[in-house]
Amino acid sequence: MRSMPGEVKPRMVVLYGSQKGQAQSLAEGIAEEAEVHGLLAELSCLNEKEKYNLEKEKSPVVFIVSTTGDGEPPDNTLQFVKHIKKKTHPCDYLKHLNYALLALGDTNYANFCNCGKTIERHLQKLGAQQFYATGYADDGVGLEVVVDPWLEGLWKAVKAAISNMASDWSVKEDSVNKTLDSSVPDVQLNLLSLTNHQTPEVSTEPDPRCAPAECNVGPVSPSESSKVAPKGVSLITTTGPETQNKHPGSSPAPSLTHSGTPLSDLSLNVPALPPSFLDVSLQEVIPAEGEISAPLNQDILYEVPISMAVHLTTGESVKTAILMQLDITAYPTLTYQPGDSFDVFCPNRASEVERMLCRLGLEDQKNHKVHISILEKTKKKGAQLPSYIPQNISLLYMLTWCLEIRSVPKKAFLRALAEHTVDSVQKRRLQELCSKQGAADYNQYVRESNLCLLELLDAFPSCSPPLGLLIEHLPKLQPRPYSAASSCLQQPGKLNFVFSVVEFPACSWRPVGRRGLCSGWLSDLVNPVQVLPDKPELLCGTAPPKIYVSLRPNCSFRLPPDPSVPLIMVGPGTGVAPFIGFLQQREKERQQKADAGFGETWLFFGCRYKDRDYLFREELEGFVSSGTLNHLKVCFSRDETKEEEARISGGPPRYVQHNLLLHSHDIINILLKGNGCLYVCGDAKNMAKDVNDTLMEMIKAELQVDQLDAMKRLATLREERRYLQDIWG
């Protein structure tokens, strides 16, 4: 039976491209909130071409897309980007399309929000019209800084777009006006600028997803009870004394578990409670012999032994760096090029899995099979079973290999956890941390502290989440990427890589520091049989440890096909790793093609101490002796003699960017006149930014141009793939 005209809801389309789930989660939230606004939202991933058709779409379309790698689209967005970039499309191909776009990125990395910018640029080339200003959210400072105001203004813009497009609908216009306020004005894009502080649209009706118990915590004053919250947002109200009464005679300093004033006295705007969508049960016991102790997708992974491990650093005040060599002779098809990277699949730490089981009260059921299905009456749009959790696995296996239990809990997760917290003070604090007013506390105590779920549950002992909630909110356990530090041409059958053991220091809610998940695991695998640099012996023992890896070729961070092209390599610390592979390859090519012309090579390396963490010193000096490396420029940032020299006379450079400045004339000539290539590898937050800024200043000084011109020249180098970065946060 067809719906009556008055029952038809105006329609919108929500499309997402997501690598790790952030963009998908936001898109799902928009689709769910659409119902509150009287709209029907159709949600699809950009690779689900059968579910949407932009060529004929007459309703507003909202894109939520993230960026990965060196400005690349997520895997599930590649085909869409390829399609809209086709030069065969006419310029009016999408002239009927009205869109809004939210791009997610991280300014610590090159090509900020590049996927979103690429999609928008080509949508506009094809005639699509923007009905709401694009948001560029920066994970480097917290996505919510842009995401929250963007979402607040979205609904008014969508309604205005639908009202303006009503004449193209097959639904009678009066049915549209019954659902939408016909007085909604046209939305001016300049009024939606994210730099403007807009007053969010408010509703005098309660949020239907928010039960009364969720909206009132503790006694509420008459003035507070009259307040209203934006649609899709719960308003939490409580008086300050309730929190303080828990600590008579004292006001604890602000921390993870306690807020300070004025936050403790404020009414809170918290996210709407995410709807549950999974039905989880533990069934029969899985026999121990049937459980596999390896990651998923073994058919596309390589199980390889560790043939050698070498400590590259000594002494204190430096990070522990380890060179690890994998024996890949058993897999002749496992070939790689210098500059490629590969994934290491590591499990969650057994001790943390056991603690999680105990915390959930499920330690006696760890060998039971996990059965997951979609809740019949869930309100979650497009609810799907997690594809990364296979059938017929035990609870122990799932927590070990499938879920990232170390991930930092998102605000939506904190909101859901608050509903399973008995103590009112602890519940209030969780609500504060996920609220708009508590954004600074969330950044300080959760995000920047790299807080994980176990640490959060330790800090809030009255919080007892069900297993299903963890499966709904914890992301997939991701493999860790590492750059190859070798060349198959010089070391056939071997794959080398270097890693620093990541350390998270102890703090008030983390009594004991912890190491990075993968780097700590790899270090444990080879301890205590690591050897020092002067004794690079093979690992002892009858059965060397094995790990699972898969290649992830980097088709851009590679040597140029023409060996005569000059190379400038910048890689402090473990960032030098891929350049060892470059130089090994170049050395072997020079031996094989003695008559060929090879371009000059520069390497800028930096570390703290010359005698503690000068990685690959002997090998680098050997490359210089053989003529493979023409210029080796090294600096040490913490050597006392260097610091003393710097105080007296300016001294030698401390960081790689300072060394670049000293050779500014040569470097700019190589890049802009000699058609050379620049490679930067290492830390994204500081080093890569500083190098980029330094290059800008070098171009301005050498060519006598302004900032804009220098930026354009650097952009041209990137477009020509002659300024390449392999960086990490």
Inset, instruction - Name the long-range amide H neighbours of G676: under 5 Å, sequence gap of 5 or more, or other chain; modelled H, no Pro or chain starts. - result: L671
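Please report the net charge: other residues with Cβ closer than 15 Å to the Cβ of K87, K and R +1, D and E -1.
Details: positive: K82, K85, K86, R121, K125; negative: D92.
Net charge around K87: +4.
Tally Lys and Arg at +1 and Asp and Glu at -1 over the other residues with C-beta under 11 Å from the C-beta of K476: what net charge comes out? Don't jump to the answer; show the numbers that get you there.
Working: positive: K20; negative: E404.
Result for the neighbourhood of K476: 0.
As a quick test, which of the pairs K95/K381; K9/K58; K82/K117; K86/K712; K56/K95; K85/K117 have an alpha carbon distance above 20 angstrom in this structure? Walk me through the intermediate numbers first.
Details: K95/K381 29 Å; K9/K58 14 Å; K82/K117 14 Å; K86/K712 25 Å; K56/K95 10 Å; K85/K117 13 Å.
Exceeds cut-off: K95/K381; K86/K712.
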Inset, instruction - Could you calculate the FRET efficiency of K712 with D92 from 1/(1 + (r/R0)^6), where r is the beta carbon distance between them and R0 is 22 Å, rounded to 0.05? - result: 0.15
Inset, instruction - Could you please state, rounded to a whole Å, how far the C-alpha centre of the stretch 407-451 is from the C-alpha centre of the stretch 462-495? - result: 25
Inset, instruction - Between R590 and L385, with labels modelled 7 Å along Cα→Cβ, what's the label distance in nm to one decimal, could you check? - result: 5.8
Legend entry - Given charges at beta-carbon only (K, R positive; D, E negative), |dipole| of the stretch 656-716 in Debye: 160
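Just to verify a number: FRET efficiency for V512 and E316, C-beta to C-beta distance, R0 = 25 Å, to 0.05?
Once rounded, the FRET efficiency stands at 0.85.
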Inset, instruction - Work out the FRET efficiency for V705 and N630 from their Cβ-Cβ distance, taking R0 = 30 Å, and round it to the nearest 0.05. - result: 0.60
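Order of 657-663, 13-19, 389-395 by packing, highest average Cβ count within 10 Å first? Kindly include the intermediate steps, with their values, before the conclusion.
Numbers: 657-663: 19.3, 13-19: 25.3, 389-395: 16.6.
In decreasing order of mean packing, 657-663, 13-19, 389-395 become 13-19, 657-663, 389-395.
Where in the stretch 388-463 are there GluC sites (Glu not before Pro) that are in a DSSP coil and have at most 14 other Cβ atoms within 10 angstrom of their Cβ? Intermediate results must be reported in sequence, preceding the final value.
Details: sites: E404, E419, E432, E448, E455; in loops: E404, E419, E448.
Here the sparse-neighbourhood loop sites are E448.
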Inset, instruction - Tell me the label-point distance for the pair A440, Q124, using the 7 Å Cα-to-Cβ offset, in nm and rounded to one decimal. - result: 3.5
Legend entry - Cα-based shape type of the stretch 6-154, given that a ≥ b ≥ c are square roots of the gyration tensor eigenvalues and the cut on a/c is 1.5: oblate
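The numbers here are math on the coordinates, done by the rules we state, and not lab data. Keep in mind the model is a prediction, meaning the values are calculated, not measured. Positions of Cβ are backbone-derived with ideal geometry, glycine not excepted, and every protein chain shown enters the neighbour counts.
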